[in-house]
1. Do you know which of the residues in region 235-247 that are under 20 Å from Ala148 (Cβ atoms) and touching a residue at least 24 places away in the same chain (Cβ under 8 Å) is surrounded by the most Cβ atoms within 10 Å (Cβ to Cβ)?
2. Just to check your reading of the model, which residue among Ile5, Ile12 is of a type in the set (Val, Ile, Thr), at pLDDT below 85 and loosely packed, with under 10 Cβ neighbours inside 10 Å?
3. Of the numbered conditions (1) over 16 Å from Leu150 (Cβ atoms); (2) touching a strand residue (DSSP E or B) at 6+ places or on another chain (Cβ under 8 Å), Ile217 satisfies every one except a single condition; which is it?
4. Go through the residues of region 160-173 one by one and say whether even a single one is at pLDDT 70 or above and either in contact with a Gly (Cβ under 6 Å, 6 or more places away or on another chain) or more than 30 Å from Val245 (Cβ to Cβ) (or both).
Amino acid sequence: MDFEISTFALEIINFIVLTMLMLRFVYRPIAAAIDARRQTLRESLAEARQLQEAAQRRGEELDARSRELDVLRERIFGEATAQAAQERARLIGEARQDATAERARVHALLEGERVALESWVAEAAIDQGADLAGELLLKLAPGCAHDALLKRLLVELAAFGPAAGAAAPPDEAAELTLAEAPSDAALAALKEALQAHLGPHRALTLKLNPALGAGAILRLGHQVFDASVAAQIAAIRAEAHRARVQA
């Protein structure tokens, strides 16, 4: 095989040209792409590091915020517990005050009811006692009570003297209401005694009213002389009521 220098030189030139072409059109673009890719990777890594650091800082901030929230929650819970305890104490105090006031009101109400009941019992006892006294008087000595009341009527009439007859016009009759019908002699004596005080010319009208129990009532015009058992019982009852109120 013959070696030709021209052919060898041509091959070298072709190799150099090919190498230059490869360097220019293949290697350099590939190298540039690799460098660009590396630069992109470096930037991505830097950005990732920044994001990681930001995430780490954010995580630390969140942890700090969480700890603050825990502290705040504990403080709020403590304050709420204390406030609830104060409110509970206040409500209990108010309930006790209300209960005390209600007990006082009920006590005052019961005391008022007791006083009213005692007053009612006392008044009923006075009324019943006066009625019973009148009934016993009429049962034990009805005649004596009747005569005594008639004498009392004459005494009361005598206390007014002549003015008793002058209390009414002469033409106005006197009205005498008796608890029971008197005998003729007793009636004559009663009329005589009455005319001594009323005047002999004044008409006297007699009436009967057994409801009086005993005694009599004399009406002279607008003036009334009441000497009946009912009036005496009413007087005793009124005096007993006054004495009880003043006691």
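1. Within region 235-247, the match that is surrounded by the most Cβ atoms within 10 Å (Cβ to Cβ) is Arg237.
2. Working: Ile12 fails: loosely packed, with under 10 Cβ neighbours inside 10 Å.
Just one listed residue meets the conditions, Ile5.
3. (1)
4. First, pick out the residues of region 160-173 that are at pLDDT 70 or above: 173.
When the remaining residues are screened for being either in contact with a Gly (Cβ under 6 Å, 6 or more places away or on another chain) or more than 30 Å from Val245 (Cβ to Cβ) (or both), the result is 173.
Yes, that holds for at least one residue.
The values are calculated or read from the model by the stated rules, or taken from the named source; none is laboratory data. Keep in mind the model is a prediction, meaning the values are calculated, not measured. Glycine also receives a Cβ, built like all others from the backbone with ideal geometry; neighbour counts cover every protein chain displayed.
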